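What follows is one structure encoded as structure tokens, with my remarks underneath.
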Amino acid sequence: MNSDYLKGIIEEILYIWGEPIDINDLGKIIFDAEKSEIRKAINEMVDDRNLKSSGLIIKKYEDKYQFATRPDHEKYISNIVKKSEKNLSNSSLETLSIIAYKQPITRAEIDKIRGVKSQSTIDSLLDKKLIKENGRLDKIGKPIIYVTTDLFLKYFNISNLDQLPKIDEKIDGDIDED
């Protein structure tokens, strides 16, 4: 495989993947290239981006690679990141907190607690990957069960659900425990 062509594929994968990806996963995706070719190409890409002062660099974490911004560009990028962080609507935050505290939970249970339909909010949270479908209940209609994701933990900078703030007993008592 042509080196430039391989580098183009790697660049596209890094862009689309978003998270750090290791050589083994790259090898599975780029099935018609040897891992040694992939490793050589990505190492050349790292060097090229560092030499050219490219806006995006490729950071290496152990044996994983990810696109990242240059540390010296932080003063420009931080304004954008601050604006986009935690831009959840009140209804999204309310629905997300219900799921976080009551999981696993169905849409009907969320709707009952909120007193309004929540499907569009749930769809938004699914799109943001803060929640996920976790099977179905063995009841009539087989309703979908929702739970939070690891991205939820990362988003709120907590390592597990035990770190969620405790709910006031008065408030907690008003919510039906089905």
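How high is the relative contact order of the stretch 29-71, in percent, counting Cα pairs under 8 Å that sit 6 or more residues apart? Spell out each step's value before the answer.
Working: 27 pairs, mean separation 10.2, N = 43.
Averaging sequence separation for qualifying contacts and normalising by length gives 24 percent for the stretch 29-71.
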In the stretch 3-72 the accessible area split gives carbon plus sulfur, as whole percent at 1.4 Å, a share of 51 percent
Filter K112/K142; K117/K142; K75/K128; K35/K129 down to the pairs with a C-alpha to C-alpha distance above 20 Å, please. K75/K128; K35/K129
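Of all the stretches in the chain, which is the longest one without any exposed loop site, taking GluC sites (Glu not before Pro) in a DSSP loop (any state but H, G, I, E, B) with at most 10 other Cβ atoms within 10 Å?
Details: sites that count: E62, E85, E177.
No qualifying site falls inside 86-176, the longest such stretch.
For the chain, with only Lys/Arg (+1) and Asp/Glu (-1) charged at the beta-carbon, what is the dipole magnitude about the Cα centre, in debye rounded to 20? Present the calculation step by step, with values, prior to reporting the outcome.
Working: 29 positive and 33 negative charges, 79 e Å.
For the chain, the charge dipole is close to 380 debye.
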For a quick check of your reading of the filter: which chymotrypsin sites (Phe, Trp or Tyr not before Pro) in the stretch 30-116 sit in a DSSP loop and have no more than 16 other Cβ atoms within 10 Å? F31
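Normalized C-alpha radius of gyration of the chain, against 2.2 N^0.38 Å? Let's see the in-between values first.
Values: Rg = 21.6 Å, N = 178, 2.2 N^0.38 = 15.8 Å.
Relative to the rule-of-thumb radius for its length, the chain sits at 1.37.
Counting heavy atoms of the protein chains only and a 1.4 Å probe, report the per residue accessible area for the chain as a whole number of Å².
Value for the chain: 69 Å² per residue.
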Helix-derived [θ] at 222 nm for the chain: sum -39500 (n - 2.57) over DSSP H runs of at least 4, divide by residue count, nearest 500? -15000 deg cm²/dmol
Among L93, L161, L125: highest mean-square fluctuation, GNM of the chain, C-alpha pairs under 10 Å: L161
Top positive-direction residue, dipole computed over the chain with Cβ charges, set L88, G18, I98: L88
At R0 = 30 Å, how high is the FRET efficiency between N134 and T69 if r is their beta carbon distance? Nearest 0.05 is fine. 0.35
Return the sequence-ordered ³J(HN,Hα) values of the stretch 128-138 in whole Hz as given by the Karplus equation 6.51 cos²θ - 1.76 cosθ + 1.60 applied to θ = phi - 60°, using x for Gly and Pro. 7, 6, 8, 10, 8, 6, 10, x, 9, 6, 8
Through the Karplus equation 6.51 cos²θ - 1.76 cosθ + 1.60, θ set to phi - 60°, convert the phi angles of the stretch 95-112 into ³J(HN,Hα) values in whole Hz; use x for Gly and Pro. 5, 5, 5, 4, 5, 4, 7, 10, 4, x, 8, 9, 4, 4, 5, 5, 4, 5
DSSP-assigned coil residues among trypsin sites (Lys or Arg not before Pro) in the stretch 8-88, each with at most 10 further Cβ atoms within 10 Å: K52, K86
Hey, what do the phi angles of the stretch 145-155 turn into as Karplus ³J(HN,Hα) couplings, whole Hz, using 6.51/-1.76/1.60 and θ = phi - 60°, x for Gly and Pro? 9, 10, 9, 7, 10, 5, 5, 4, 4, 5, 4
Tell me, how many Å apart are the Cα centres for the stretch 96-133 and for the stretch 4-19? 34 Å
Starting from the Cα of K59, step 7 Å toward the Cβ, then list every residue of the stretch 1-36 with an amide N under 14 Å from that point. 18-21
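The values are calculated or read from the model by the stated rules, or taken from the named source; none is laboratory data. Please read all numbers here as calculations on a predicted model, not as lab measurements. Cβ atoms come from the backbone with ideal geometry, glycine included; neighbour counts cover every protein chain shown. Surface accessibility is based on the protein's heavy atoms, side chains included, excluding ligands, DNA and RNA. Shrake-Rupley method; radii C 1.70, N 1.55, O 1.52, S 1.80 Å.
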